[in-house]
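Here the structure is laid out as structure tokens; the discussion comes afterwards.
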Amino acid sequence: MTAVNAATRAQVGLTKQSPAFWRVTIDNPPVNVMGPEMVRQFQGVINAIEADEQVRVVVFDSAVDDYFLNHSDFMARLEDLTSMPAGLTGLPPWPDFLVRLTRAPVASIALIRGRATGNGSELTLACDMSFASREKAIISQWEVGVGMVAGGGPMARLPQLIGRNRALEVLLSSEDITGEQAEAYGYVNRALPDGELDAFVEALATRIAKFDKWAIANTKRLVNTSLPPDVELGADWDACLASLGRPAAQNGIKALMARGFHKPWDVEDRLGYYLGQLAG
Amino acid sequence: MTAVNAATRAQVGLTKQSPAFWRVTIDNPPVNVMGPEMVRQFQGVINAIEADEQVRVVVFDSAVDDYFLNHSDFMARLEDLTSMPAGLTGLPPWPDFLVRLTRAPVASIALIRGRATGNGSELTLACDMSFASREKAIISQWEVGVGMVAGGGPMARLPQLIGRNRALEVLLSSEDITGEQAEAYGYVNRALPDGELDAFVEALATRIAKFDKWAIANTKRLVNTSLPPDVELGADWDACLASLGRPAAQNGIKALMARGFHKPWDVEDRLGYYLGQLAG
Amino acid sequence: MTAVNAATRAQVGLTKQSPAFWRVTIDNPPVNVMGPEMVRQFQGVINAIEADEQVRVVVFDSAVDDYFLNHSDFMARLEDLTSMPAGLTGLPPWPDFLVRLTRAPVASIALIRGRATGNGSELTLACDMSFASREKAIISQWEVGVGMVAGGGPMARLPQLIGRNRALEVLLSSEDITGEQAEAYGYVNRALPDGELDAFVEALATRIAKFDKWAIANTKRLVNTSLPPDVELGADWDACLASLGRPAAQNGIKALMARGFHKPWDVEDRLGYYLGQLAG
């Protein structure tokens, strides 16, 4: 596994299992939060995917036990994120990455083991397919529970995927959702027994990696007429930043920090529960 | 519980469990049909929700055994409904209420026990979330079965929620749908054992009522980019009124009346079955 | 059963069970592939449906064991298809038929027993409802697996029906999907035990055929605001033709032919499996 950005530790590692089948592994222990450096490395990943003529399938997985990809790093300076230049779409780097991933001429697959909260859910929604561990996956958009608005597109994408009623339940309840419930809602393609998940994704990715790239790319291009306009991702991002400037979110995050947020412990494990304890 | 419109009996009662958590209870025994007075009271409800700065969650439920909210009152004079002034959206009062409820900056939840037919289904579709009794909920759009077209938006909303194929099955078959089938189709968020339904909704509403109103409102605002244009609700309403002027609907309603429609008895309980007996 | 086009054998037979309830039976043994003549007969079917004032329900089924409707006939000359005049919508005859079927003022129902691959899936997606044999239905879009792009609208229609993630799984994996999985994904309305399927569809069609045609037509007209623009069906068709001119598809089809494609044998039965063996 090699770092996308050689100057820093790889938080997002890129492995080429073959010229056609790449693996992107998220690796920021102990709880896989996403700070500015990880966002920068995701930019490197999408640049590499777009520039390559051989890659047909990219699997996103995690090297950190219990966490697929987690919420943002609230110990990092927000300015380090907001001062990053816009991406190719003109959007800020995180929504830019997500939009370009949906439009990239390859099949992208999220392999979800452990918690996919906030950014982890947003990455899932930007992938073409997602498969979750029945026992070990938790997916959530936790933002409203802490006084925030999500920034990576779930308001734009979830209603089309799971219906407006279930999208609003996910977003407004901010609850933890099991792999099984996520499958029932259509939030992920399927939830599989944990012991079968890796082999299933490996077989599917290997299969698609043998298919013709032109056929993959053009089929996906035509499916993408169903995507919400990119500008909606920008609107989500703007609302997220606005929410971070308000006392509700500042106080909510502070209260979570006091309870052990960002540490591999109870608050991260049972975030849905703790959000219900916070407010009021 | 207080009447929204003090001059008349409360068919739509508004209870403030707390400043942030309101309950709207439909109460027009014996079978919870919706006549012009109930429509007027729903206008009062939405005016109150929009004017209040504290309310974050509104639960819609029923005080009438076996009926959540039923079809329209065909004993009432149609002119009493059609002569009511347009609402704030410019639409007639019932679609106006439904559109404004989808856009209101609060979380709305339908708690469905008993029959949700016609208007009851339309209210469910206008709420942000819906939870149904597994044993005691029946949901349906019955209109085509009696020669009518539905007037409160299911043609606009159901295809996005449950897919075009299942939306057309619901609408063109006019069949009764159980809570379990409604959950499988995504028509409601979940069907719960009847004994657990009240506590589940109470806990969810209490949870969301503690979250920040600005975060709720802005998250919902961004989800609402997925709503069909309001004009589609107007088109549904116009087609409904047109259908009521045709012999097919007049004869269908008359035939149902002869069998005991509007009375707490077999026709109301098994409306799907009786629609199948009517025609031909 | 009478041939729509009397000059040739009926590959698409039209039976009027009653003036209001028609049955269209696909009958091109041994494996129900679709060649230019079948496309011409489908044009006859849609012309007849549009011209009739009595018909309210049309059921599509198959007279060929194990095949509902299969992929295109690659033994036929492509020119015989591409030289056919455009249909009423201005689209080529196959997408023209599919678009007009979605807009026809009748309820259309696919009764799926056996394989619905490529065109068979596309017909299903153009019908208003679909019911599949739990034991005997297989549905798939196989095109990417052979280096092609699908031509009859699944890129336009599947994301709205089953969500973008599951649509891309269906299309990019090119796998065989069982009736049960298709129901879980919402690809079909329901999967029923094979022994109950015919009676279920018969009862549903008989029921709707008794309802008022104006109410059926206007309800469907309003649901159809949710359809993707017809031009997307044209884009799918153009991409399909372009894919057929490329070596990947030519080689893929040739390799399948060498293994027994178009014959009632293992390759047609387990097409998903063989596509995985082909490439690479």
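The values are calculated or read from the model by the stated rules, or taken from the named source; none is laboratory data. Here the structure is a predicted model, which means the values were calculated and not measured. Note that we place each Cβ from the backbone using ideal geometry, even for glycine, and neighbour counts take in every protein chain shown.
Here are the numbers for this structure:
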| item | result |
| --- | --- |
| Verdict on C:Ala184 being within 14 Å of chain B (Cβ to nearest Cβ), among the hydrophobic types (A, V, I, L, M, F, W, C) and crowded, with 22+ Cβ neighbours inside 10 Å | no |
| Residues of segment B:227-236 classified as at the interface with another protein chain (Cβ under 7 Å from one of its Cβ atoms) and closer than 30 Å to B:Lys16 by Cα, total | 0 |
| Options B:Ala215, B:Ala191; residue that is within 14 Å of chain A (Cβ to nearest Cβ), within 21 Å of B:Leu69 (Cα to Cα), out of contact with any His (no Cβ under 7 Å at 6 or more places or on another chain) and surrounded by 20 or more Cβ atoms within 10 Å (Cβ to Cβ) | B:Ala191 |
| Subset tally (residues that are among the β-branched types (Val, Ile, Thr) and either closer than 20 Å to B:Asp80 by Cα or touching a residue at least 24 places away in the same chain (Cβ under 8 Å) (or both)) for segment B:241-280 | 1 |
| Top-ranked residue in segment A:115-132 [being over 16 Å from C:Arg164 (Cβ atoms) and either surrounded by fewer than 24 Cβ atoms within 10 Å (Cβ to Cβ) or among the aliphatic types (A, V, I, L, M) (or both); ranked as farthest from the other protein chains (Cβ to nearest Cβ)] | A:Ala116 |
| Any hit, segment A:35-44, residues being over 27 Å from A:Val146 (Cβ atoms) and at pLDDT 95 or above | yes |
| So B:Leu275, is it within 14 Å of chain A (Cβ to nearest Cβ), over 19 Å from the mean Cα position of the chain (by Cα) and modelled with pLDDT of 95 or more | no |
| Breaking point among (1) in contact (Cβ under 8 Å) with a residue 12 or more places away in the chain; (2) over 16 Å from C:Arg113 (Cα atoms), for C:Thr219 | (1) |
| Helices (runs of 4 or more DSSP H) contained in segment B:82-183 and holding at least 3 residues under 20 Å from B:Glu232 (Cα atoms), touching a residue at least 60 places away in the same chain (Cβ under 8 Å) and under 16 Å from the mean Cα position of the chain (by Cα) | B:93-103, B:119-126, B:154-162 |
| Unique match (being over 30 Å from B:Gln181 (Cβ atoms) and crowded, with 17+ Cβ neighbours inside 10 Å) among C:Ala235, C:Ala209, C:Ala167 | C:Ala235 |
| Within segment A:40-75, tally of residues that are aliphatic (A, V, I, L, M), assigned to a loop (DSSP other than H, G, I, E, B) and out of contact with any strand residue (DSSP E or B) (no Cβ under 9 Å at 6 or more places or on another chain) | 1 |
| Number of positions in segment A:150-173 that are of a type outside the set (A, V, I, L, M) and facing chain B (nearest Cβ under 7 Å) | 8 |
| Residue list for segment C:1-24, filter: of a type in the set (Val, Ile, Thr), surrounded by fewer than 18 Cβ atoms within 10 Å (Cβ to Cβ) and modelled with pLDDT of 95 or more | C:Thr15 |
| Residue that is farthest from the other protein chains (Cβ to nearest Cβ) [pool: residues in segment C:203-212 that are part of a helix (DSSP H, G or I) and without any contact (Cβ under 8 Å) to a residue 40 or more places away in the chain] | C:Ala203 |
| Test for A:Phe97: is it among the hydrophobic types (A, V, I, L, M, F, W, C), out of contact with any strand residue (DSSP E or B) (no Cβ under 7 Å at 6 or more places or on another chain) and on the phi < 0 side of the Ramachandran plot | yes |
| Flag if B:Glu196 is part of a helix (DSSP H, G or I), more than 9 Å from every other protein chain (Cβ to nearest Cβ) and farther than 27 Å from B:Ala255 by Cβ | yes |
| Residues (at pLDDT 95 or above and of a type in the set (Phe, Trp, Tyr)) located in segment A:252-272 | A:Phe261 |
| Selection status of C:Ala239, within 13 Å of chain B (Cβ to nearest Cβ) and either over 20 Å from B:Asn165 (Cα atoms) or not acidic (Asp, Glu) (or both) | no |
| Unique residue being of a type in the set (D, E, K, R) and in contact with a strand residue (DSSP E or B) (Cβ under 8 Å, 6 or more places away or on another chain) when the list is A:Asp194, A:Asp238, A:Asp212 | A:Asp194 |
| Criterion: surrounded by fewer than 24 Cβ atoms within 10 Å (Cβ to Cβ), on the phi > 0 side of the Ramachandran plot and modelled with pLDDT of 95 or more - qualifying residue of B:Asp73, B:Asp66, B:Asp27, B:Asp61 | B:Asp66 |
| Residue under evaluation B:Glu135, criteria (1) within 28 Å of C:Ser130 (Cβ to Cβ); (2) more than 14 Å from chain C (Cβ to nearest Cβ), criterion not met | (1) |
| Among (1) closer than 30 Å to C:Lys254 by Cα; (2) crowded, with 24+ Cβ neighbours inside 10 Å; (3) basic (Lys, Arg) - the single one C:Arg56 does not satisfy | (1) |
| In segment B:75-91, the residues that are out of contact with any Leu (no Cβ under 8 Å at 6 or more places or on another chain) and not aliphatic (A, V, I, L, M) | B:Arg77, B:Glu79, B:Asp80, B:Ser83, B:Pro85, B:Gly87, B:Thr89, B:Gly90 |
| Filtered residues of segment C:239-268 (kept if assigned to a helix (DSSP H, G or I), surrounded by fewer than 16 Cβ atoms within 10 Å (Cβ to Cβ) and either touching a Cys at 6+ places or on another chain (Cβ under 7 Å) or not hydrophobic (A, V, I, L, M, F, W, C) (or both)) | C:Pro247, C:Gln250, C:Asn251, C:Lys254, C:Arg259, C:Asp266 |
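Matching residues to (1) under 17 Å from the mean Cα position of the chain (by Cα); (2) among the basic types (Lys, Arg); (3) under 20 Å from A:Ser173 (Cβ atoms):
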position	(1), (2), (3)
B:Phe21	no, no, yes
B:Ile26	yes, no, no
B:Met38	yes, no, no
B:Val45	yes, no, no
B:Glu53	no, no, no
